[in-house]
1. Can you spot a residue in segment 25-36 that is modelled with pLDDT of 70 or more, surrounded by fewer than 18 Cβ atoms within 10 Å (Cβ to Cβ), part of a loop (DSSP other than H, G, I, E, B) and over 18 Å from the mean Cα position of the chain (by Cα)?
2. Please return the ranges of helices (runs of 4 or more DSSP H) entirely within segment 100-150 where 1 or more residues are under 19 Å from residue 27 (Cα atoms).
3. May I ask you to list pairs of residues, at least six apart or on different chains, whose Cβ atoms are under 8 Å apart, with the first in segment 58-74 being in contact (Cβ under 8 Å) with a residue 60 or more places away in the chain and the second being acidic (Asp, Glu) and in a strand (DSSP E or B)?
4. Could you look through segment 266-293, keep only residues that are among the basic types (Lys, Arg) and outside any strand (DSSP E or B), and pick out the one that is farthest from residue 76 (Cα to Cα)?
5. Any residue in segment 201-215 that is crowded, with 18+ Cβ neighbours inside 10 Å sitting within a Cβ distance under 8 Å of a residue that is of a type in the set (Asp, Glu)? List the pairs, counting only those 6 or more apart or interchain.
6. Identify, from the list 162, 139, the residue that is at pLDDT 95 or above and basic (Lys, Arg).
7. When residues of segment 25-57 are filtered for being touching a residue at least 60 places away in the same chain (Cβ under 8 Å) and touching a Pro at 6+ places or on another chain (Cβ under 9 Å), how many remain?
8. Filtering segment 223-251 down to residues that are under 19 Å from residue 266 (Cβ atoms) and without any contact (Cβ under 8 Å) to a residue 24 or more places away in the chain, which residue is nearest to the ligand (Cβ to nearest atom)?
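The values are calculated or read from the model by the stated rules, or taken from the named source; none is laboratory data. What you see is a predicted model, and the numbers here were worked out from it, not measured in a lab. Positions of Cβ are generated from backbone atoms using ideal geometry, with glycine treated the same way; all protein chains shown enter the neighbour counts.
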Amino acid sequence: MQITFSPYQIQNNNNRKTVNFSGYLGNESVKVMGEYVRLRHETAFLRELETLEYIKQYLLENFPEIPVKNILIGACSTGEEALSMKMVMNKVPSRITAFDLGKKAINRAKKGYYSISEPRYEDDKKYVEDWGLSAYNDKFLAFKNPKDMTQKEKTYYKAFNKIFKEINTEDGKNKFLNRIRVFFKSFGEFHMIDVRTKYFKLKDLRKLNCEYIEGDIRNLDEITKGRKYQAFTFRNAFYHLITTNDDYRTPLGEHHTRKILAEILPKINKSLDMKGLFAIGKKEDEQICDVLLLTKMLKEYGFKEAKHFDNPYCYIWKKVKEC
Ligand SMILES: C[S@@+](CC[C@H](N)C(=O)[O-])C[C@H]1O[C@@H](n2cnc3c(N)ncnc32)[C@H](O)[C@@H]1O
């Protein structure tokens, strides 16, 4: 899904509730090297789940000698991705380091309060689906009767309930100061959706062996501090680095893009063990940036496609060379 405008909260006349939905959507501005950068924190639990499942399987097969797998989750936003990786790893021991450039996002992640919502009415469900929010398939965690779940859904439902407890709505609401409750279709067109929401609190972040760091991928060495990882995700975030910092997000020119990537890619390479994985967003059209050039440069900087993809766009890479 592509959002081109800052969401904000509005109230309409007939007092129908403004929109809330599964998946956190929020923006913040941070100052980087003297300039304000607008960050978009859109995310959800179990987003692009196949990538996380692939990582788990690959780590089991390729790093059997490493008892606790080290995973780096870059651009982790408010933490849903890191916790999803934990749910996928489940009984396989893992140590997760998650970082994001957004201070507010990281603070939220550290607090560990989340909500999951779904539209109440069929028309609204369809609207959300048509708009691409069907990508957020975590609604089942809160609203589906376990009896009707598929085997796979049951597995994640159990993993979710192992680390979260549902909390009282009113208590939850007070903690969701930043929750964005408006979903909008395009410039100025608002669509009100009535939703039901459930609130959850992480039981114990420390026990999860998961840490959050406020950090910039451009300073990756400060985040990793020499530690090596077997997998690193930086999903749905490259556009923040190699497109214009405005509402239209136009890819930067080739020269400029090359210069930026030439600084970042060697650091990504260095942070990984040989054969380690690097994953970017699954959907090519949601990356907005120049994915052809990104792909070409990943190859120049020691990466190879990790598996065969039907689509030529590759979103899971493995390190095959030091650089
Ligand atoms: C759309 S969210 C993606 C969240 C999550 N990875 C996912 O796929 O659901 C993009 C995130 O990238 C983060 N980001 C942007 N530039 C970054 C940078 N230079 N270093 C670290 N994180 C960055 C933003 O703050 C934002 O939270």
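1. Checking segment 25-36: at least one residue is modelled with pLDDT of 70 or more, surrounded by fewer than 18 Cβ atoms within 10 Å (Cβ to Cβ), part of a loop (DSSP other than H, G, I, E, B) and over 18 Å from the mean Cα position of the chain (by Cα).
2. Numbers: elements: 103-111, 122-130, 140-143.
Result: 103-111.
3. Pairs that qualify, where the first residue is in contact (Cβ under 8 Å) with a residue 60 or more places away in the chain and the partner is acidic (Asp, Glu) and in a strand (DSSP E or B), are 63/273; 74/100.
4. Taking segment 266-293 and keeping what is among the basic types (Lys, Arg), we get 267, 270, 275, 282-283.
Then drop every residue that is not outside any strand (DSSP E or B), which leaves 267, 270, 282-283.
Details: 267: 18, 270: 20, 282: 15, 283: 17 Å.
Going through the qualifying residues, I end up with 270.
5. 212/100; 215/100; 215/222
6. Values: 139 fails: at pLDDT 95 or above.
Step by step, each of 162, 139 is checked, and only 162 is at pLDDT 95 or above and basic (Lys, Arg).
7. Adding up the residues that qualify gives 2.
8. Top of the filtered list is 225.
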